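Asks: Okay, handing you the structure first.
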Amino acid sequence: MMYQCGSCGGVYQDLMADGSLYFHACPPLEVDPRGRVVERPDKRNENLVMGEPGEAPRMKAEGRGRVELEPGWQPPAPAAEPRGLLARAWERIRASVTTG
Amino acid sequence: MNGVELPPAVEEAEEAQPEAAEEFPWGTLPPLITYQLRDVQPAAWLHVTPNDQLAVQLKNGQAGIGVYVCLRLLLPTGELKEIVETYSPAANRVSETYYITLPESYLLSATVVGSGGVKVGACWVRAILVYGGPKWHSFPVLLAAGYVAELSGLAWPYPRYIHPCEGPGRPRVIVGTDPAPGNQITETVPTGARWRLLTFRAQLTTNATVVDRLVFLGFDTGTQVVWVSVPVFSQSASQTWGYHWAAGLQARSLAGAQICQDALPDYVVLPAGFVIRTITAGMQAGDDWEAPNYLVEEWSEP
């Protein structure tokens with residue numbers, strides 16, 4: 001099944017083709033190469049933590065839950081961005097450099 | 001003899017040596033080995049007492065499989081008893097333990113095999129004889145431990161003991177989360193698993209904002225970075241580039257195909273909870289990573 005995370009909007013399958021389960025975790029709000037990570041406050045993390053002996057394992061963080069997507073769901077096409085005169089000129093210059 | 005006419009030569013030979021036939025009677029040698037038919041000693045050394053149970057511990061990472069445990073016991077009455085149990089463990093790699101109550105007997109054999117379709121490396125099993133049931137305080141005998149699969153498994157006697165991280169792992173192709181625009185790729189090694197990342201591929205589409213983006217790939221624990229790649233080149237606005245990482249690759253980019261590649265560390269094993277993530281410097285709100293596709297070698301975390 002395909003799901004969309006209610007916290008980060010990411011789309012994922014919970015079952016891989018080889019029969020393994022997939023456990024989604026939301027990406028951070030910010031991260032830099034030095035290792036500074038700012039997690040989102042409503043982060044969803046489906047990876048499991050073990051409870052007391054005899055207790056069932058539980059999800060690390062529920063976040064805002066997830067929504068099951070209809071079969072054949074496709075992401076919406078990105079909105080066309082307004083392209084000003086400068087942007088169009090820049091693209092023409094870049095294209096001429098690439099093709100030589 | 002018996003009315004049968006013998007050839008003349010044979011009759012003459014018999015008539016010539018009647019004494020020799022009596023001194024050397026024809027017959028086979030008696031056997032040197034005999035077998036006891038009463039008060040027979042048991043064929044196996046493993047005596048199972050009334051307080052013993054067989055504990056079957058499983059850690060499984062594949063959905064929809066079955067595990068079969070087959071035991072053969074010699075009862076005090078001399079009867080042979082077979083016990084067959086089937087389990088359907090969850091696919092979350094959490095350790096599950098099942099107990100089989102045994103009659104007082106001698107254990108002759110034990111086998112654990114997977115159902116059809118069980119992939120090698122997906123389900124690790126340990127069979128131990130415990131004293132005292134679920135609140136057991138000692139396990140005098142470790143019968144066998146290792147991965148079970150469709151046509152192979154564990155057997156006692158002549159067992160093998162395979163640690164969950166021993167030997168080659170199970171290759172897996174994973175399709176990760178497709179992040180919403182403006183978000184990084186974040187993939188976490190699941191609980192109960194240990195990964196070695198072999199390849200990683202993802203595609204970035206940048207919006208029209210004129211800023212150069214630099215793409216790093218890194219591993220961290222969530223709080224401590226353990227490795228970060230060096231960007232191969234900078235991706236400008238309104239472009240779609242594919243990024244590939246694998247061990248041994250030379251960093252390069254190919255403008256015509258809009259592909260770039262970079263090297264991963266040669267052999268890095270990531271325990272459960274480690275994070276594989278992209279770090280895109282200069283990322284804009286409209287930039288969009290596609291779902292990553294990556295190949296890992298996976299073991300069950302001990």
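Asks: Conditions first: (1) within 14 Å of chain A (Cβ to nearest Cβ); (2) within 22 Å of B:ALA55 (Cα to Cα); (3) hydrophobic (A, V, I, L, M, F, W, C); (4) touching a residue at least 40 places away in the same chain (Cβ under 8 Å). B:VAL148 passes all but one, so which condition is the exception?
Replies: The single condition B:VAL148 does not satisfy is (1).
Asks: Taking the criterion of being within 11 Å of chain A (Cβ to nearest Cβ), surrounded by 15 or more Cβ atoms within 10 Å (Cβ to Cβ), polar (S, T, N, Q) and closer than 22 Å to A:TYR12 by Cα, would at least one residue in region B:229-237 satisfy it? Steps first, answer last, please.
Replies: Just the residues of region B:229-237 that are within 11 Å of chain A (Cβ to nearest Cβ), to begin with: B:229-231, B:236-237.
The next check asks that each one be surrounded by 15 or more Cβ atoms within 10 Å (Cβ to Cβ); those that pass are B:229, B:231, B:236-237.
Remaining after also requiring polar (S, T, N, Q): B:229, B:236.
Checking the rest, the ones that are also closer than 22 Å to A:TYR12 by Cα come to none.
No, there is no match, as no residue in region B:229-237 is within 11 Å of chain A (Cβ to nearest Cβ), surrounded by 15 or more Cβ atoms within 10 Å (Cβ to Cβ), polar (S, T, N, Q) and closer than 22 Å to A:TYR12 by Cα.
Asks: Scan (1) modelled with pLDDT under 90; (2) outside any strand (DSSP E or B) for the single condition B:VAL141 breaks and write down its number.
Replies: Unmet condition: (2).
Asks: Tally up the residues in region B:51-63 that are more than 24 Å from the chain's Cα centre (by Cα), assigned to a loop (DSSP other than H, G, I, E, B) and modelled with pLDDT of 85 or more, please.
Replies: The total comes to 0.
Asks: Here is a follow-up. In region A:31-56, what residues are within 9 Å of chain B (Cβ to nearest Cβ), loosely packed, with under 15 Cβ neighbours inside 10 Å and not in a loop (DSSP other than H, G, I, E, B)?
Replies: Listed by number, the list holds a single entry, A:VAL49.
Asks: Something else now. Which of the residues belonging to region A:1-16 are more than 14 Å from the chain's Cα centre (by Cα) and either surrounded by 15 or more Cβ atoms within 10 Å (Cβ to Cβ) or more than 7 Å from chain B (Cβ to nearest Cβ) (or both)? Walk me through it before giving the result.
Replies: Keep residues of region A:1-16 that are more than 14 Å from the chain's Cα centre (by Cα), which gives A:1, A:15-16.
Answer for region A:1-16, where residues must be more than 14 Å from the chain's Cα centre (by Cα) and either surrounded by 15 or more Cβ atoms within 10 Å (Cβ to Cβ) or more than 7 Å from chain B (Cβ to nearest Cβ) (or both): A:MET1, A:MET16.
Asks: Out of the residues in region B:64-78 that are away from every other protein chain (no Cβ under 14 Å) and not in a strand (DSSP E or B), which is nearest to the chain's Cα centre (by Cα)?
Replies: Looking at residues that are away from every other protein chain (no Cβ under 14 Å) and not in a strand (DSSP E or B), I get B:LEU75.
Matching residues to (1) crowded, with 18+ Cβ neighbours inside 10 Å; (2) of a type outside the set (Phe, Trp, Tyr):
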{"position": "B:TYR131", "(1), (2)": "no, no"}
{"position": "B:LEU142", "(1), (2)": "no, yes"}
{"position": "B:ALA145", "(1), (2)": "yes, yes"}
{"position": "B:ALA149", "(1), (2)": "yes, yes"}
{"position": "B:LEU154", "(1), (2)": "yes, yes"}
{"position": "B:PRO157", "(1), (2)": "no, yes"}
{"position": "B:CYS165", "(1), (2)": "no, yes"}
{"position": "B:PRO168", "(1), (2)": "no, yes"}
{"position": "B:VAL173", "(1), (2)": "no, yes"}
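The values are calculated or read from the model by the stated rules, or taken from the named source; none is laboratory data. Note that the structure is a prediction, hence the values are computed from the model and not measured. Cβ: placed from backbone, ideal geometry, glycine included. Neighbour counts: every protein chain shown.
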